[in-house]
1. Say the dipole of the range 22-82 comes from +1 at the beta carbon of Lys and Arg and -1 at that of Asp and Glu; which of 37, 24, 78 then lies farthest toward its positive end?
2. In a shell of Cβ-Cβ distance under 15 Å around residue 34, excluding residue 34 itself, what net charge do Lys and Arg (+1) and Asp and Glu (-1) give?
3. What list of ³J(HN,Hα) couplings, whole Hz, do you get for the range 11-16 from phi and the Karplus terms 6.51, -1.76, 1.60, once you set θ to phi - 60° and write x for glycine and proline?
4. Between residue 47 and residue 67, what is 0.36 nm times their sequence separation minus the Cα-Cα distance? Round to one decimal in nm.
5. Would you mind telling me the share, in percent, of accessible area of the chain contributed by carbon and sulfur at probe 1.4 angstrom?
6. With runs of 4+ DSSP H residues as the only contributors, calculate the mean residue ellipticity of the chain at 222 nm using -39,500 (n - 2.57) per run, divided by the residue total and rounded to the nearest 500.
7. Hey, got the dipole for the chain? About the Cα centre, +1 on K and R Cβ, -1 on D and E Cβ, debye to the nearest 20?
8. Taking 8 Å as the Cα distance limit and 6 or more residues as the minimum spacing, I'd like the relative contact order of the chain as a percentage.
Amino acid sequence: MKKIFTNKAPAAIGPYSQAIISGNLVFTSGQIPINPATSLVESENIKDQTKQVCENIRTVLEECGTSIDKVVKTVCFLTDMSDFADFNSVYEQYFKFKPARSCVAVKELPKNVLIEIETVAEL
């Protein structure tokens, strides 16, 4: 296994890695909408937060030597399912291959964000 870190994506805010490569797969930790340049959550709406999360995922995957087009599975966490349509409108712009996905509502996420996404991708 190989731990991945890039300063172009938000640093871990706990005892975990941004991603782990194991065999021919990359497992990304859940990404929340922190701008890596400022270390802040800069938006309060689901569309902008989803875009930031997807950009963070893209950056981590590129550091691993793969791309968002190689994602085979996503797990998505929303704090409010009434955001589902707006979330999907941004999500589908990034995950064009339409990987397998789970999407669940959760009570709360770190830093009170609206969304978190984790992925599994091929190298």
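The values are calculated or read from the model by the stated rules, or taken from the named source; none is laboratory data. Note that the coordinates shown come from a computational prediction; the quantities given were computed from them, not determined experimentally. Cβ: placed from backbone, ideal geometry, glycine included. Neighbour counts: every protein chain shown. With ligands, DNA and RNA removed, areas are computed over all heavy atoms of the protein, side chains included. Shrake-Rupley method; radii C 1.70, N 1.55, O 1.52, S 1.80 Å.
1. 24
2. Details: positive: 8, 51, 58, 111; negative: 42, 44, 48, 55, 116, 118.
Spelling it out: positives minus negatives among the neighbours equals -2.
3. Here the 3J(HN,Hα) series is 5, 4, 9, x, x, 8 Hz.
4. 5.1 nm
5. Values: 3390 of 6740 Å².
With neighbouring chains kept in place, the figure for the chain is 50 percent.
6. On the way: 2 runs with 30 residues, N = 123.
Theoretical 222 nm ellipticity from helices: -8000 deg cm²/dmol.
7. Values: 13 positive and 15 negative charges, 85 e Å.
In total the dipole reaches around 400 debye.
8. Details: 245 pairs, mean separation 40.1, N = 123.
Dividing the mean separation by the residue count of the chain yields 33 percent.
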